[in-house]
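The values are calculated or read from the model by the stated rules, or taken from the named source; none is laboratory data. Just so it is clear, the structure is predicted and the values come from calculations on it, not from any experiment. A quick note on method: Cβ atoms are made from the backbone with ideal geometry, for glycine too, and the neighbour counts reach across all protein chains shown.
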Amino acid sequence: MTAGVTHSRAPVTTGFECSLPIGTVIEVVNEPPPTASAIYCRPTNYDELEASLVPEDARSDHNYDGYSLIVDVDRFGAALNLTTDRLQVTRPEGEDGAASDEKKPFIVCDDYGMGGLWGVMMARSEAEITAKYPELVVVPERPAWMTDESYERMWDNEMHDIDGLPWGMLNGIMADREKRRRATE
């Protein structure tokens, strides 16, 4: 049994359980932090499986906007043939033409109009962040309202690496991109 989540136009997600057909190929959507025991995935035949995986009441909800799968690696890792052949990590060149690994933390915000989701992005430059995630605002310094405690909580819960796949707050950005992509098909 695999867990799934539905995406909604409203700020809410719901969950469901499903059984993937034998032979289903899934792709990692968001690279989890190193200590995570689950991976956020999508089947390569997303549209074909939607009706058989996602409950009808979820699909018929007027706010329904898609689904994702949550694969429990600790429980299913041995049974799944997990590969990374669909992942490509690129690194921008440094000033000397060589790849630079020196990253520093940047405070970022996904400003969605009535508020924002805050996080920390480990990157080599602000330009690297805005090139990969133009939806994010890079905040040059910690805002006055952000306490040490809230910054530490953000660091613990929403610290991302520019070379990693998105997860956490970046899921919304990826879901919005997917929604725009689907709308143009």
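For region 19-132, which fully contained helices (runs of 4 or more DSSP H) count at least 1 residues that are under 15 Å from the mean Cα position of the chain (by Cα), surrounded by 10 or more Cβ atoms within 10 Å (Cβ to Cβ) and at pLDDT 80 or above?
So the answer is 126-132.
Let me confirm something: among R177, R182, R142, which residue is of a type in the set (K, R), more than 16 Å from the chain's Cα centre (by Cα) and not in a loop (DSSP other than H, G, I, E, B)?
R182
Output yes when any residue across region 157-170 is assigned to a helix (DSSP H, G or I) and without any contact (Cβ under 8 Å) to a residue 40 or more places away in the chain, and no when none is.
The answer is yes; a qualifying residue exists.
Applying the selection to region 140-182, what residues are closer than 12 Å to C109 by Cβ and either assigned by TED's automatic domain parsing to the domain that holds G66 or surrounded by fewer than 16 Cβ atoms within 10 Å (Cβ to Cβ) (or both)?
Correct list: P140, R142, P143, M146.
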